[in-house]
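Visitor: Sending over a structure as structure tokens; questions will come in a sec.
Just so you know, all these numbers are worked out from the coordinates, no wet-lab data involved. It should be emphasised that the depicted structure is a prediction, and the values quoted were computed from it without experimental measurement. In this analysis, Cβ positions are derived from the backbone assuming ideal geometry, glycine residues included, and neighbour counts consider all displayed protein chains.
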Amino acid sequence: MRKSLFVICFVLMTVIFFSMNSFGFDAVKKLKLSKVCRKCNMVGVDLRGAILKKADLKNSNLSGAKLMGASLQGAKLEKAYLQTTDLTGANLDYANLQKAYLNEAKLKKASLSGANIKWAHLKGASLEGANLKGANLNGANLSGADLDGANLHEVNLQGANLQGASFKDADLSKANLIGANIKKNAVKGAILCKTKTPWGEDNTGCK
């Protein structure tokens, strides 16, 4: 009896595993053909270097996916799950990442210029050397994020959670940090010029 139950459980788990993976492959095929795949399950898929400009991926699960060097300019990624996803060197210029989940995501040297990242979850995300010029991060959670060397020129960080975030050599000129959860010591080493902060306009980095 126990042996029979074990066999049944094993068969069920195998079926579930392969059905999930085949669904993931089908979703990738659909995405590449139509550039539309909402609420799709693509956990851990390999999309390195993929051309997905203006793709519609709203509410899709791409957690743990490999998207290094992918072209996602103007992509719709609202409420998408991108936790632990590798987006190193990816192009996300003007993408919509509002309320997206990017906790622990790898975005080193990625480009997110002009992107809408309002209320997104970026806890512990790696954004070293990333280009976020003009991006909207209003209300985003960037606690513990690594923003060393990032281009944050004219970025909107109003009301953002920046507790424990690192800004060494980051360019925060003309950025707006009003209402953000951050202390003056936290941006020591960053470039501040015409930067709106909770302690007033900071021009310590102006030349």
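Visitor: Taking amide H positions as placed in the peptide plane 1.01 Å from N, state which residues far from THR195 in sequence (5 or more) or on other chains have amide H under 5 Å from it.
Guide: LYS174, ASP202
Visitor: Which whole-angstrom value gives the distance between the alpha carbon centres of the stretch 136-207 and the stretch 23-84?
Guide: So the separation of the two Cα centres works out to 30 Å.
Visitor: Let me ask something else. Show which lysines lie in cross-link reach of LYS194 when reach means a straight Cα distance below 29 angstrom and same-chain residues fewer than eight apart are skipped.
Guide: Filter leaves LYS99, LYS108, LYS109, LYS118, LYS123, LYS133, LYS168, LYS174, LYS183, LYS184, LYS207.
Visitor: May I pose another question? I need the semi-axes of the equivalent ellipsoid of the chain: take the C-alpha gyration tensor, multiply each eigenvalue by 5, square-root it, list largest first in whole angstrom.
Guide: Taking √(5λ) for each eigenvalue gives 38, 18, 13 Å, largest first.
Visitor: Evaluate the Kirkwood expression for the hydrodynamic radius of the stretch 43-108, namely the inverse of the mean inverse distance over all pairs of different C-alpha atoms, and round to one decimal in Å. Write out the running numbers ahead of the final one.
Guide: Numbers: mean 1/r = 0.0906 Å⁻¹.
Taking every pair of different Cα atoms in the stretch 43-108, averaging 1/r and inverting gives 11.0 Å.
Visitor: Angle between the Cα long axis of helix 2-34 and the longest principal axis of the chain, 0 to 90 degrees, nearest 10?
Guide: The helix 2-34 is inclined about 50 degrees to the chain.
Visitor: Per residue of the stretch 130-145, in order, report the coupling 6.51 cos²θ - 1.76 cosθ + 1.60 (Karplus, θ = phi - 60°) as ³J(HN,Hα) in whole Hz, putting x for Gly and Pro.
Guide: My calculation for the stretch 130-145 gives 6, 9, 10, 3, x, 6, 9, 10, 4, x, 6, 9, 10, 4, x, 6 Hz in order.
Visitor: Just the number: Rg to Rh for the stretch 73-165, Cα atoms, Kirkwood Rh, two decimals. Kindly include the intermediate steps, with their values, before the conclusion.
Guide: Numbers: Rg = 11.0 Å, Rh = 12.1 Å.
Checking Rg against Rh, the ratio lands at 0.90.
Visitor: Pick out, from LEU127, ALA100, LEU112, the residue whose Cα sits farthest towards the positive end of the charge dipole of the chain, with +1 on the Cβ of Lys and Arg and -1 on the Cβ of Asp and Glu.
Guide: ALA100
Visitor: Ranking VAL28, VAL155 by Cβ neighbours within 10 Å, fewest first, what do you get?
Guide: Details: VAL28 18, VAL155 30.
By the 10 Å Cβ count, ascending, the order reads VAL28, VAL155.
Visitor: When MET68, MET42 are ordered from fewest to most other Cβ atoms inside 10 Å of their Cβ, what list results? Spell out each step's value before the answer.
Guide: On the way: MET68 19, MET42 26.
Least to most surrounded, the residues fall as MET68, MET42.
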